[in-house]
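Working notes for the structure below.
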Number of protein chains: 4
Amino acid sequence: MRIGFIGLGQMGSGMAGRLIAAGHEVSVYNRSPARAEPLVAQGARLAPTPADACTGDAVVTMVAEDAALETVVYGADGILNALPKGAIHISSSTISVALAERLTADHEKSGQRFVSAPVFGRPPAAATGQLFVVAAGEAGAIADAEPIFAAIGQRTFPLSDKPSAANLVKLSGNFLLACVIETLGEAMALTAKDGIDPHQYLELLTSTLFGAPAYKLYGTMIADRAFEPPGFAAPLGQKDIRLVLAAAEALQVPMPVASLLRDRFLTLRAIYGDNIDWAAVGALAARDAGMEK
Amino acid sequence: MRIGFIGLGQMGSGMAGRLIAAGHEVSVYNRSPARAEPLVAQGARLAPTPADACTGDAVVTMVAEDAALETVVYGADGILNALPKGAIHISSSTISVALAERLTADHEKSGQRFVSAPVFGRPPAAATGQLFVVAAGEAGAIADAEPIFAAIGQRTFPLSDKPSAANLVKLSGNFLLACVIETLGEAMALTAKDGIDPHQYLELLTSTLFGAPAYKLYGTMIADRAFEPPGFAAPLGQKDIRLVLAAAEALQVPMPVASLLRDRFLTLRAIYGDNIDWAAVGALAARDAGMEK
Amino acid sequence: MRIGFIGLGQMGSGMAGRLIAAGHEVSVYNRSPARAEPLVAQGARLAPTPADACTGDAVVTMVAEDAALETVVYGADGILNALPKGAIHISSSTISVALAERLTADHEKSGQRFVSAPVFGRPPAAATGQLFVVAAGEAGAIADAEPIFAAIGQRTFPLSDKPSAANLVKLSGNFLLACVIETLGEAMALTAKDGIDPHQYLELLTSTLFGAPAYKLYGTMIADRAFEPPGFAAPLGQKDIRLVLAAAEALQVPMPVASLLRDRFLTLRAIYGDNIDWAAVGALAARDAGMEK
Amino acid sequence: MRIGFIGLGQMGSGMAGRLIAAGHEVSVYNRSPARAEPLVAQGARLAPTPADACTGDAVVTMVAEDAALETVVYGADGILNALPKGAIHISSSTISVALAERLTADHEKSGQRFVSAPVFGRPPAAATGQLFVVAAGEAGAIADAEPIFAAIGQRTFPLSDKPSAANLVKLSGNFLLACVIETLGEAMALTAKDGIDPHQYLELLTSTLFGAPAYKLYGTMIADRAFEPPGFAAPLGQKDIRLVLAAAEALQVPMPVASLLRDRFLTLRAIYGDNIDWAAVGALAARDAGMEK
């Protein structure tokens, strides 16, 4: 397929690389073009503007947040003006439900197709095509996009014909990860203050009830107090909780643990600044217990 | 070894059965003796009182709560009066940290040894010797008790020479399970209110980020609203959160999600009564969202 | 003074009436002009557009929310285009801190002066000039506006030269009122479930420690379950908590009780709808205690 | 009347002094007898044991907590053994609902009468007979005790024939005071971080919506960060919240703000120790906002 790819951060670079490796004809765009060089070396064409990445069958966007996606979609050189009728915009960014709904309506008016396809997985999974893809949108569009999903992911979960449903699921997944961080943080503060070694405790938890990788990953970061440099920075985690709460408000669903996380992220940034991993939320229970400053 | 076993509920019966199967000489006591019959049929000796189960090298207790354990330990016919000097009381019940500390002191005064050895796992794991055993106490006592642990569990985690540490770890594990219930309940209320099928959602979560059995087990119960009859009844779950909070208060560790769970259990029992699984906490977010009464 | 007045709800009508009674020359604008009639009968001039209310020394706005104020300010016939240089826009609505900041900047660019002057008090206080006025903005502008404040209020609190500070104070005041509702609701659920008569309980509280009118007012509504028709509707209360949380997020101040209130309002609207007084938040603790549906 | 008075702390000394001044024949007991001297100088008789204070028509107890009251009631030289049949034990301490229930039953068995009569007010009010008395118990006993209440208080609120109801009301009142501290703390952190002067802010609040003395008292302490030496020490405040939560658990009433306060007190003591006023809970929101260590 002829595919444009917009947004070459750690995740996007890996995903675009997989598309090239799978034999697709890929045009890449990034705000700072230097990040495109390795992909050009692999055979991608450099697109100087978002519009230049919209000449094929589909364009994939993988950017940091709503504002960035609005820029590449709604700008003068943006996707909405450039994408051919019938072509597909595949949005993999973690964006708000509200923006997904707006994009659905606007692409439909423009005769384009829109699929929300956020992914679960971290940069190494992106680089090796091991992501999980949650896809929502019109069934035909999802089917047409399947070669793309096959290149970037180990499995596709077709969810709904309403694109924003995939965004809600993605946000809820990040909420559940943040819950692991918070609740592990509380349990580890409790046991550590009693003198139990945190690594031994974590080994016990993850060998028995809590084998899921999130417990191992975040538990180790909490035990080691290894939050810098950030793998996933606090402001991004905070953004996701903000989007979860916005969706929950629109749907009128009270989520008390999400509200707690909202406050935790405010404390985290007020005290430790922005250049810290979101897993540092898991150190706040210990702080409140007087175990650290 | 010659072993007494006190407390023949679903968990205790399975564990005592494993000890018999492993060739130990087992005396069994239960408040209502009828529950002892199947074990007697397997070769156990019936002990008419707790004291009668205290004639060997060790006695294992597996009862429902602090009060029950206090009765079998401190009663006139209880363990403290009957257990020979040097013999080991292995306490596998989910009890308070405070009671574990008291038992440690009292057994030491009586020249007996005390090991806290709570277990992770449900009745089927108990019946097949697949429990995880968290053992804390004097190292020699843990070593001497190892044949018992080997019979009932798939792995022993020696934790500390302070018995109560094992109880704290057990309680913290149950806290983390309750957190899975609560946070899944919030995420499932959010996505279900948007029209996403809960089983499809759960399949997606457990196939990707949250493979740990707790997510599958409790997520399915929440999706099916299958809370009766209870596998683990709400009052027992509430008791565990109460004990977590008591330990957290003693250690001065604020645990906001544990506090939330405390309130959730009060609501659960006030509205649905006691004969319901603790997983029903996971339906309360949906209730607050007006999705059910 | 020659004064325009925009927004003739229960509060605005009372305030405009006081300005007329004080001898000012008042032009009134309301989206639905019927509400202007009583004031015209008292001597006001009817302004057909917001711009028509901007021909004097000052224009006062008292509308329901950010969007309504944005319309009257930024519309083609709006205040920003019409107000003479040097004239004052006095904003008494309960709006966001962010909008106050934006208005401050935009009026400055247009050579106009801007004062935030939200008020404390309910419609009867507005009708009798007994409001409390919190005024923030450039000192000279506050001084020039004093005759207006004197007509509508019993006391003016000049707060800061930054207009948005007054909005933040107003929002924080509404937050504290909502806290009275929530915490009284909890205390009254507790005592009522023990069989204590809620009116007797309230009499005791308000005769001793809690004489402030808010306790009497909201406590009586909670005791009587008298929430309809709304005096201050749930969606407005929810909006204020939303604005408090937005300001708190911008300032990085975690406010756990505000977060709780956010969830309470979601539950309130999900279950009881929108046509209910915000004091009904005070009935939710009783609902969670199984005392009502 | 011939009255015994047990417990001569700041509150008790004032109350006993009022009884003497009103012409009653008063015997006083305190664990450390030095505190009785000023009252003996005023005409009281020194009782060497609690039993010695039980020779009249009534005995009033005003001690710090459940354990202290249990000692003076249930000890060998205690009230239960010594108080004549028909005489009244008036318990003014802030104790648990459960202990009040136990005392009710035990005094009834002993043929004595029991009235719970906790008071609202601080030491200066005790010294001047300006307390508020919440009285619950059998109506005849309350009537017989009225001369005592008249001497110590400005008003008596007869509440119920169930003594523990008065204790619940007292605890709920202290809960509401703690709520004032917490919510003022949040509002003051919010406005102070925006640069608003806390004293000016407080003056505004207490001159308008929140005239109740609690807002003035605690708001000033928070604005001044004047928490030492404690007027009402953190461990006592924590105890009251613990008793509220225990009563709420028994009645199955979830109280989320009480749960929050529980965690706040744990943080307060973990970080600042015990020798601090409970009003310091109102500084924790600012701490979480990074405004202080």
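Considering every residue within the range B:63-78, establish whether at least one is crowded, with 22+ Cβ neighbours inside 10 Å, within 22 Å of B:GLU146 (Cβ to Cβ) and not aromatic (Phe, Trp, Tyr).
No, the conditions are met nowhere in the range B:63-78.
How many residues are within 14 Å of D:LEU260 (Cβ to Cβ), touching a residue at least 12 places away in the same chain (Cβ under 8 Å) and more than 18 Å from the chain's Cα centre (by Cα) when one looks only at the range B:239-258?
The qualifying residues number 2.
Taking the range A:98-120, which residues are touching a residue at least 12 places away in the same chain (Cβ under 8 Å) and of a type in the set (Gly, Ala, Ser)?
Result: A:ALA98, A:ALA100, A:SER110, A:GLY111, A:SER116, A:ALA117.
Among the residues in the range D:203-211, are any assigned to a helix (DSSP H, G or I) and closer than 19 Å to D:TRP278 by Cβ?
Looking through the range D:203-211, none of the residues is assigned to a helix (DSSP H, G or I) and closer than 19 Å to D:TRP278 by Cβ.
Give the residue, chosen from B:VAL180, B:VAL119, B:VAL134, that is touching a Lys or Arg at 6+ places or on another chain (Cβ under 7 Å) and at pLDDT 95 or above.
Checking each option against the conditions leaves just B:VAL134.
If you check B:ALA139 against the conditions, is it of a type in the set (Gly, Ala, Ser), within 17 Å of B:MET1 (Cβ to Cβ) and surrounded by fewer than 22 Cβ atoms within 10 Å (Cβ to Cβ)?
No, not satisfied.
Looking only at the range A:221-245, how many residues end up being farther than 23 Å from C:ALA250 by Cβ and surrounded by 17 or more Cβ atoms within 10 Å (Cβ to Cβ)?
4
From the list A:LEU103, A:LEU83, A:LEU99, which one is in contact with an Asp or Glu (Cβ under 6 Å, 6 or more places away or on another chain) and under 21 Å from A:MET15 (Cβ atoms)?
After applying the criteria, what remains is A:LEU99.
Mind checking which residues of the range D:246-264 are surrounded by 22 or more Cβ atoms within 10 Å (Cβ to Cβ) and either in a loop (DSSP other than H, G, I, E, B) or more than 8 Å from chain B (Cβ to nearest Cβ) (or both)?
D:ALA247, D:VAL253, D:PRO254, D:MET255, D:VAL257, D:ALA258, D:LEU261
Consider C:GLY17 carefully, then state whether it is of a type outside the set (Lys, Arg) and either touching an Asp or Glu at 6+ places or on another chain (Cβ under 9 Å) or crowded, with 23+ Cβ neighbours inside 10 Å (or both).
yes
Give the range A:265-293 a look and list any residue that's assigned to a loop (DSSP other than H, G, I, E, B) and surrounded by fewer than 23 Cβ atoms within 10 Å (Cβ to Cβ), or say none.
Listed by number, the residues that qualify are A:GLY273, A:ASP274, A:ASN275, A:ILE276, A:GLY290, A:MET291, A:GLU292, A:LYS293.
Kindly indicate which of C:THR156, C:THR128 is more than 9 Å from chain D (Cβ to nearest Cβ), under 19 Å from the mean Cα position of the chain (by Cα) and more than 21 Å from C:ILE88 (Cβ to Cβ).
Checking each option against the conditions leaves just C:THR128.
Where in the range C:1-91 are the helices (runs of 4 or more DSSP H), entirely inside, with at least 1 residues that are in contact with a His (Cβ under 9 Å, 6 or more places away or on another chain), of a type outside the set (Lys, Arg) and under 18 Å from C:THR104 (Cβ atoms)?
Counting at least 1 such residues, we get C:66-74, C:79-82.
Quick check: is even one residue across the range C:259-267 in contact with a Ser or Thr (Cβ under 9 Å, 6 or more places away or on another chain) and touching a residue at least 40 places away in the same chain (Cβ under 8 Å)?
Within the range C:259-267, one or more residues are in contact with a Ser or Thr (Cβ under 9 Å, 6 or more places away or on another chain) and touching a residue at least 40 places away in the same chain (Cβ under 8 Å).
Being more than 20 Å from the chain's Cα centre (by Cα) and either more than 7 Å from every other protein chain (Cβ to nearest Cβ) or over 13 Å from C:VAL253 (Cα atoms) (or both) is the filter here, so list the residues in the range A:265-281 that pass it.
Within the range A:265-281, A:LEU268, A:TYR272, A:GLY273 meet the criteria.
Tell me which residues, restricted to the range A:226-245, are in a helix (DSSP H, G or I) and away from chain D (no Cβ under 14 Å).
Within the range A:226-245, A:PRO235, A:LEU236, A:GLY237, A:GLN238, A:LYS239, A:ASP240, A:ILE241, A:ARG242, A:LEU243, A:VAL244, A:LEU245 qualify.
What are the residue pairs meeting all of these: first residue in the range B:222-238, first residue without any contact (Cβ under 8 Å) to a residue 40 or more places away in the chain, second residue surrounded by fewer than 18 Cβ atoms within 10 Å (Cβ to Cβ) and among the charged types (D, E, K, R), Cβ atoms under 6 Å, and 6 or more apart or on different chains?
If the second residue must be surrounded by fewer than 18 Cβ atoms within 10 Å (Cβ to Cβ) and among the charged types (D, E, K, R), the pairs left are B:PRO235/B:ASP274.
Looking only at the range B:204-223, how many residues end up being under 15 Å from B:ALA280 (Cβ atoms) and facing chain A (nearest Cβ under 7 Å)?
0
Quick one: A:ILE196 ticks every box in (1) of a type outside the set (Gly, Ala, Ser); (2) surrounded by 20 or more Cβ atoms within 10 Å (Cβ to Cβ); (3) assigned to a helix (DSSP H, G or I); (4) within 11 Å of another protein chain (Cβ to nearest Cβ) except a single one, so which number is it?
Result: A:ILE196 passes all but (3).
Can you name the residue in the range C:159-193 that is within 7 Å of chain D (Cβ to nearest Cβ) and hydroxyl-bearing (Ser, Thr, Tyr) and, of all such residues, is farthest from C:ASP263 (Cα to Cα)?
Only one residue fits best here, namely C:SER160.
When you go through B:SER92, B:SER27 one by one, which is the residue that is in the same structural domain as B:ASP144 (by TED's automatic domain parsing), surrounded by 22 or more Cβ atoms within 10 Å (Cβ to Cβ) and within 30 Å of B:ALA248 (Cα to Cα)?
Sole residue among the options that is in the same structural domain as B:ASP144 (by TED's automatic domain parsing), surrounded by 22 or more Cβ atoms within 10 Å (Cβ to Cβ) and within 30 Å of B:ALA248 (Cα to Cα): B:SER92.
The values are calculated or read from the model by the stated rules, or taken from the named source; none is laboratory data. Nothing here was measured: the structure is a model prediction, and the numbers come from that model. Cβ coordinates were reconstructed from backbone atoms using ideal geometry, including for glycine residues, and neighbour counts include every protein chain displayed.
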